[in-house]
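Engineer: Please find one structure pasted underneath; my questions will follow.
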Amino acid sequence: MSDHNNPPNNIYEQLQADVVQGDTQGAIEKLVAYLRSNQQFHELFEALKMKLRLELGLSAAQAEPEEPLDEERELRLERGLLDACRDVAECFLAEGRIREGWMYLRPVGDRDAAAKALAQVDATDDNLDELIEVLVHEGVDVERGYDLALSRLGTCNSITLFESALAARPRSDQQKAARLLVQHVHRELLDNLKRDIEQREGQPPQEGSLAEILQARPDLLRDGTYHLDTSHIASTVRFARVLDEPASLNQALDIAAYGLQLHPQYQYPGEEPFLDLYPASAAFFRTLLGQQVDAGIRYFTHKADSVDRNQFGTVAVEVLIDLLSRCGRQDEALAVYQKRLPKGTRTMGIAPSLLQISQRFGSFQSMREICREREDLLGYAAAILQTADETVVPTR
């Protein structure tokens with residue numbers, strides 16, 4: 001490989017010879033090939049820009065502001081630059097230079113393409129931090145990135161990653177990570193518990209779940225015994241509330257059942273309306289699973305009515321609306337929205353929006369009424385424009 005700082009003189013001579021002969025296309029092709037073969041990828045991007053500009057009839061390099069281009073050439077220039085970004089990004093990624101590769105992929109805005117490109121990059125001790133940064137923090141492939149974190153960094157660091165990188169990301173990204181975390185913690189907790197039982201009793205337990213094992217041995221945890229860092233158990237139960245998929249919810253409920261049996265010193269308080277962390281979380285999971293639904297709704301309705309809004313804001317009301325909507329009770333969710341979120345209330349982003357609930361309900365009549373009542377002109381307009389099939393009932 002040539003020294004990047006001292007390229008052989010013949011590349012200069014070749015470029016000059018081509019230009020003297022009027023073959024600018026040949027010169028730029030040689031430059032691109034040279035930079036690519038010598039892995040000078042930042043310079044390669046600039047050379048690809050020169051090539052593109054020449055193809056568009058522009059000067060190779062731009063020193064001063066240009067006159068605006070016509071619409072067709074402007075579009076071709078934009079598309080060409082994005083293609084150059086892809087090209088250079090793939091070069092960097094092929095060399096395992098993840099952060100630099102992502103720098104060129106980010107303007108493209110194609111996260112699926114970025115995920116596919118990064119799927120070809122094996123995780124190593126040297127590139128793990130960069131991979132997790134791009135996959136999780138940048139949201140390119142949260143599932144793969146969080147799986148890498150769990151397997152390489154362990155539960156504690158993965159919980160910290162969830163709190164720092166995923167709290168502000170869309171629920172769909174949170175769900176991918178939460179599912180992996182719940183599976184990981186449930187498996188680890190169940191394995192540890194079974195080993196403990198085998199040591200105590202001389203054979204592994206016949207029961208299959210955490211709840212069943214503890215139900216058969218009600219005194220096991222009363223002396224302060226635990227089988228996994230209790231803060232990890234609490235955090236996993238908290239993060240699991242975003243889940244909708246039944247298998248993961250059942251595992252989350254099983255972890256919460258274990259938490260319920262922990263010694264009181266490990267019964268860490270949560271935040272309203274989950275102040276009683278494990279009982280409230282278990283009720284929440286059961287409701288989402290279609291178990292004891294009415295009891296769960298009553299519990300969180302009581303919380304919505306009793307939690308001090310001056311201290312905790314609308315969190316309890318929003319949790320109730322979210323729970324009702326996720327259970328398919330859209331009409332009840334709309335009723336709670338109308339009754340318990342007064343006009344002008346600044347929500348916390350926990351509950352689905354009025355528009356989301358109405359879309360799930362398949363009717364915008366309630367949304368129209370609520371928005372008209374609250375003098376929300378934009379919301380009202382959105383509601384009446386959503387469908388031409390509903391009859392708009394005049395409001396007084």
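The values are calculated or read from the model by the stated rules, or taken from the named source; none is laboratory data. Just so we're clear, the structure is a prediction, and the values are computed from it rather than from any experiment. Note that each Cβ is placed from the backbone with ideal geometry, even for glycine, and that neighbours are counted across all protein chains shown.
Engineer: In the range 209-252, which residues are under 23 Å from Thr287 (Cα atoms) and outside any helix (DSSP H, G or I)?
Structural biologist: Within the range 209-252, Ser209, Leu243, Asp244, Glu245 meet the criteria.
Engineer: Would you confirm, using the coordinates I've provided, whether Leu249 is in contact with a Gly (Cβ under 9 Å, 6 or more places away or on another chain) and under 25 Å from Leu324 (Cβ atoms)?
Structural biologist: no
Engineer: For the list (1) within 22 Å of Ala252 (Cα to Cα); (2) touching a helix residue (DSSP H, G or I) at 6+ places or on another chain (Cβ under 6 Å), I need the number of the one condition that Cys327 fails.
Structural biologist: In the conditions (1) within 22 Å of Ala252 (Cα to Cα); (2) touching a helix residue (DSSP H, G or I) at 6+ places or on another chain (Cβ under 6 Å), Cys327 misses (2) alone.
Engineer: If you don't mind, another one. Would you point out the residue of the range 293-332, among those that are within 25 Å of the chain's Cα centre (by Cα), in a helix (DSSP H, G or I) and small (Gly, Ala, Ser), that is surrounded by the most Cβ atoms within 10 Å (Cβ to Cβ)?
Structural biologist: Among those that are within 25 Å of the chain's Cα centre (by Cα), in a helix (DSSP H, G or I) and small (Gly, Ala, Ser), it is Ala316.
Engineer: Would you say Arg179 is closer than 26 Å to Ala123 by Cα, charged (D, E, K, R) and touching a residue at least 40 places away in the same chain (Cβ under 8 Å)?
Structural biologist: Here the answer is yes, as Arg179 does meet what is asked.
Engineer: Something else now. Could you list, in sequence order, the residues of the range 243-258 that are among the hydrophobic types (A, V, I, L, M, F, W, C) and surrounded by fewer than 18 Cβ atoms within 10 Å (Cβ to Cβ)?
Structural biologist: Ala247 - this is the single residue of the range 243-258 that is among the hydrophobic types (A, V, I, L, M, F, W, C) and surrounded by fewer than 18 Cβ atoms within 10 Å (Cβ to Cβ).
Engineer: Out of (1) of a type outside the set (Ser, Thr, Tyr); (2) assigned to a loop (DSSP other than H, G, I, E, B); (3) assigned by TED's automatic domain parsing to the domain that holds Gly22, the odd one out for Ala114 is which?
Structural biologist: Of the numbered conditions (1) of a type outside the set (Ser, Thr, Tyr); (2) assigned to a loop (DSSP other than H, G, I, E, B); (3) assigned by TED's automatic domain parsing to the domain that holds Gly22, the odd one out for Ala114 is (2).
Engineer: Something else: Just to check your reading of the model, which residue among Ser151, Ser158, Ser164 is assigned to a helix (DSSP H, G or I), closer than 20 Å to Ala119 by Cβ and of a type in the set (Gly, Ala, Ser)?
Structural biologist: The unique qualifying residue is Ser151.
Engineer: Quickly run through the range 333-385 and pick out the residues that are surrounded by 15 or more Cβ atoms within 10 Å (Cβ to Cβ), under 17 Å from Gly313 (Cβ atoms) and hydrophobic (A, V, I, L, M, F, W, C).
Structural biologist: Val336, Leu341, Ile350, Ala351
Engineer: Report yes if Ala280 is of a type in the set (Gly, Ala, Ser), within 30 Å of Gly328 (Cα to Cα) and crowded, with 20+ Cβ neighbours inside 10 Å, otherwise no.
Structural biologist: Yes, satisfied.
Engineer: Let me ask something additional. Given (1) over 12 Å from the mean Cα position of the chain (by Cα); (2) surrounded by 12 or more Cβ atoms within 10 Å (Cβ to Cβ), where does Lys176 come up short, assuming only one miss?
Structural biologist: Among (1) over 12 Å from the mean Cα position of the chain (by Cα); (2) surrounded by 12 or more Cβ atoms within 10 Å (Cβ to Cβ), the lone unmet condition for Lys176 is (1).
Engineer: Starting from the range 136-161, keep only residues that are touching a residue at least 40 places away in the same chain (Cβ under 8 Å), then list their pairs with residues that are in a loop (DSSP other than H, G, I, E, B) and surrounded by 24 or more Cβ atoms within 10 Å (Cβ to Cβ) whose Cβ atoms are within a distance under 8 Å, requiring at least 6 positions of separation or different chains.
Structural biologist: Between residues of the range 136-161 that are touching a residue at least 40 places away in the same chain (Cβ under 8 Å) and residues that are in a loop (DSSP other than H, G, I, E, B) and surrounded by 24 or more Cβ atoms within 10 Å (Cβ to Cβ), there is no close pair.
Engineer: Consider the range 112-125. How many of its residues are touching a residue at least 12 places away in the same chain (Cβ under 8 Å) and not polar (S, T, N, Q)?
Structural biologist: Of the residues in that region, 8 qualify.
Engineer: Given the structure, is Arg169 under 13 Å from the mean Cα position of the chain (by Cα), under 27 Å from Ile233 (Cβ atoms), without any contact (Cβ under 8 Å) to a residue 40 or more places away in the chain and in the same structural domain as Asp244 (by TED's automatic domain parsing)?
Structural biologist: yes
Engineer: Only residues in the range 42-68 that are under 20 Å from Asp23 (Cβ atoms) and modelled with pLDDT of 80 or more count as the first member; pair them with residues that are surrounded by 19 or more Cβ atoms within 10 Å (Cβ to Cβ) and small (Gly, Ala, Ser), Cβ under 6 angstrom, at least 6 apart or cross-chain, and list the lot.
Structural biologist: Hits for this filter: Leu48/Ala84.
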